[in-house]
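Heads up, the thing below is written out as structure tokens.
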There are 2 protein chains.
Amino acid sequence: MRVLIALGGNALAGADGESRPDEERAAVDDAMESVADLVETGHHVVLTHGNGPQVGNLLLKNELAAEQVAPEPLDWCVAQTQASIGMLVMNALDRALRERGRPARIAALVSRTLVDADDPALAAPTKPIGRYVTEPEAAVMIEHGQHWVDLGERGWRRVVGSPQPRQCLDVAAARTLADAGYVVVCSGGGGIPTVHDEAGLTGIEAVVDKDLTAALLAEELHADLLLIATDVEAAVVDWGTPKARPLGTVTAAELRKYAAEGHFAPGSMGPKVEAACRFAERTGRPAVITALTSIAAAVGGTAGTRVEPGLNDLP
Amino acid sequence: MRVLIALGGNALAGADGESRPDEERAAVDDAMESVADLVETGHHVVLTHGNGPQVGNLLLKNELAAEQVAPEPLDWCVAQTQASIGMLVMNALDRALRERGRPARIAALVSRTLVDADDPALAAPTKPIGRYVTEPEAAVMIEHGQHWVDLGERGWRRVVGSPQPRQCLDVAAARTLADAGYVVVCSGGGGIPTVHDEAGLTGIEAVVDKDLTAALLAEELHADLLLIATDVEAAVVDWGTPKARPLGTVTAAELRKYAAEGHFAPGSMGPKVEAACRFAERTGRPAVITALTSIAAAVGGTAGTRVEPGLNDLP
């Protein structure tokens, strides 16, 4: 069975999300123990991952060094996090698999995600990225053409457009490697946001939601299961109330109904739910949302929120 | 014919080597025109590249932001340049090939180079990297455990170990993709320097010479030709004297003799000559050193310094 695992960027960083390299390495080591548990059972795994804390660090360095080094655009920074995380993932997973007596080949691809140049999200940036800064710090970057918003007590934060993923441009390479038996790491950070215009393919200053890209990638790779790994065991309705109830197996239609009722936080569980529904609806195959440490159990059907296609979604 | 092209990092940066992103993008666009000329003739191309100016920018940002963001180690920075350059190369080469009516699939791999943990070069760092800084700036980084040297009028510069490449750890993935018809970008910046110790594979703070890695990669990929692209048309003996003479076809043994006589600058033409000799000697196949704009002619045998195996090197 081919399983696409989407790992949260926070699962690959230190506890405070502003991680130091040694904390990030330790977090990746931990995460790969869970992934190795799944690979060990014989499933074919493709990995994608978030990059929020990591890209935040690169953006902050851009700003602090801007007087002496020209800042690198956001698409470059997304690419860069693919490589530093990809390297850590390859080394850690290699180690975890060897310890289990199940060595496997692993490859990490620099990977781009095609978006529409006229996606409305690009004209109205709302996705917060990077760290909080003070108003005067934000003012400097606003002068440089960036969009920043006042988020109250915690300070100002940059916002960028988060367009819909249309195509994983490097999926054919991922498929070639996966078919040859590799564990493939690709489309990290949602993939490098890329438009196709008169000059060909060009990276742009945006971020693509990593869970939505994961759903598209899973579809394009004909994955049997999309596994969205996060820090909670399941999607929960009535979260934070006495009626709170974790969801087990649900149809995409049921889950969409809960989403419409506002049960899932935007920017957090919201996009995971949307990604799981999209995959189930488009492919007729299931998606699971669960904790990173429960992914092997989730594939076995004993953990997480399992999103099944509805009767209308079956191929 | 499978051709491995090694591109200099300066060829992918602005003229002053301290490039801005738009200058770097333009330089990559130019370089890919030359590469596309070669791909168009039907040769199977694998690309590797330097990253000196690019990694220098990341290191300087590390230093300028060190009080607020933990600096990322050199192996991370090497990885990051693989991805940002890899993305630019994929987009630019895709465009150049489409304009020629010869679209091809292109992939860029995050790639590690195995080095010996006890390589003597790691104990005695001599390879200068990054920009020149003032003595007080260097002093801060020396306190952080880095090695910096006084290079006179231009200032201080960091030095790191440059160990010998032993194995391109991700060559199997590169071969899988190349065999499937991809133009593959790999081992950028000499590859991420990696040791194998009791904890498995771990990146280290070092840089591997990109030309020496290119020779190893070409050997491991069974390339028919190693093509080292630089900013001069040929290796020159008696450079800067009235007797200056560009070399045409030479044997590796002849070229080594010139090298021993001190005709080639260390850190510049020196490693290119060493890489070309190694490839010819180990494989019995030729290597060419020439200008980026002459690579198509060089493959045809009408440009550059062509290093042939000696009689003793033939398989």
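Residues of segment A:282-304 being under 18 Å from the mean Cα position of the chain (by Cα), β-branched (Val, Ile, Thr) and not in a helix (DSSP H, G or I), which ones?
Result: A:288, A:289, A:290.
Hey, any hits in segment A:206-219 for a residue that's open to solvent by 40 Å² or more (accessible area, probe 1.4 Å), closer than 19 Å to residue A:3 by Cβ and at pLDDT 95 or above?
Among the residues of segment A:206-219, at least one is open to solvent by 40 Å² or more (accessible area, probe 1.4 Å), closer than 19 Å to residue A:3 by Cβ and at pLDDT 95 or above, which makes the answer yes.
Right, residue B:238: under 22 Å from residue B:44 (Cβ atoms) and either of a type outside the set (Phe, Trp, Tyr) or open to solvent by 10 Å² or more (accessible area, probe 1.4 Å) (or both) or not?
Criteria not met by residue B:238.
With assigned to a loop (DSSP other than H, G, I, E, B), closer than 23 Å to residue A:66 by Cβ, open to solvent by 10 Å² or more (accessible area, probe 1.4 Å) and within 9 Å of chain A (Cβ to nearest Cβ) as the only criterion, which of B:72, B:63 stands out?
Only one candidate qualifies: B:72.
Taking segment A:202-230 on its own, how many of its residues are among the aliphatic types (A, V, I, L, M) and part of a strand (DSSP E or B)?
Going through segment A:202-230 one residue at a time, the tally reaches 5.
Open to solvent by less than 50 Å² (accessible area, probe 1.4 Å), within 14 Å of chain A (Cβ to nearest Cβ) and of a type in the set (Val, Ile, Thr): does that describe residue B:45?
No: the conditions fail for residue B:45.
Determine whether segment B:156-176 contains at least one residue that is within 22 Å of residue B:308 (Cβ to Cβ), out of contact with any strand residue (DSSP E or B) (no Cβ under 9 Å at 6 or more places or on another chain) and away from every other protein chain (no Cβ under 11 Å).
No: zero hits.
Across segment A:177-187, which residue is surrounded by the fewest Cβ atoms within 10 Å (Cβ to Cβ) among those that are among the small types (Gly, Ala, Ser) and more than 8 Å from chain B (Cβ to nearest Cβ)?
Filtering segment A:177-187 for residues that are among the small types (Gly, Ala, Ser) and more than 8 Å from chain B (Cβ to nearest Cβ), the one surrounded by the fewest Cβ atoms within 10 Å (Cβ to Cβ) comes out as A:181.
Can you tell me which residue within segment B:111-132, out of those that are in contact with a Gly (Cβ under 6 Å, 6 or more places away or on another chain) and not aromatic (Phe, Trp, Tyr), is farthest from residue B:203 (Cα to Cα)?
My answer is B:131.
Return a yes/no flag: does segment B:110-126 have any residue that is basic (Lys, Arg) and either open to solvent by 40 Å² or more (accessible area, probe 1.4 Å) or over 23 Å from the mean Cα position of the chain (by Cα) (or both).
No, because not a single residue in segment B:110-126 is basic (Lys, Arg) and either open to solvent by 40 Å² or more (accessible area, probe 1.4 Å) or over 23 Å from the mean Cα position of the chain (by Cα) (or both).
Name the single residue that is nearest to the other protein chains (Cβ to nearest Cβ) among those in segment B:188-210 being of a type in the set (Asp, Glu) and touching a helix residue (DSSP H, G or I) at 6+ places or on another chain (Cβ under 8 Å).
Per the stated criteria, the residue is B:205.
Has segment B:81-97 got at least one residue that is free of Cβ contacts under 8 Å to residues at least 12 places away in the same chain, within 11 Å of chain A (Cβ to nearest Cβ) and either crowded, with 22+ Cβ neighbours inside 10 Å or within 21 Å of residue A:65 (Cα to Cα) (or both)?
So far as segment B:81-97 goes, yes, one or more of its residues are free of Cβ contacts under 8 Å to residues at least 12 places away in the same chain, within 11 Å of chain A (Cβ to nearest Cβ) and either crowded, with 22+ Cβ neighbours inside 10 Å or within 21 Å of residue A:65 (Cα to Cα) (or both).
What is the one condition in (1) within 14 Å of chain A (Cβ to nearest Cβ); (2) surrounded by fewer than 14 Cβ atoms within 10 Å (Cβ to Cβ); (3) under 23 Å from residue B:196 (Cβ atoms) that residue B:144 does not satisfy?
Residue B:144 satisfies every listed condition except (3).
Got a sec? Which of B:100, B:105 is more than 7 Å from every other protein chain (Cβ to nearest Cβ) and surrounded by fewer than 24 Cβ atoms within 10 Å (Cβ to Cβ)?
Step by step, each of B:100, B:105 is checked, and only B:100 is more than 7 Å from every other protein chain (Cβ to nearest Cβ) and surrounded by fewer than 24 Cβ atoms within 10 Å (Cβ to Cβ).
The values are calculated or read from the model by the stated rules, or taken from the named source; none is laboratory data. The structure displayed is predicted, hence computed values, not measured ones. For neighbour counting, all protein chains shown are included, and Cβ atoms are generated from backbone atoms with ideal geometry for every residue, glycine included. Remember, those area values only see protein heavy atoms, side chains included, never the ligands or the DNA or RNA. Shrake-Rupley method; radii C 1.70, N 1.55, O 1.52, S 1.80 Å.
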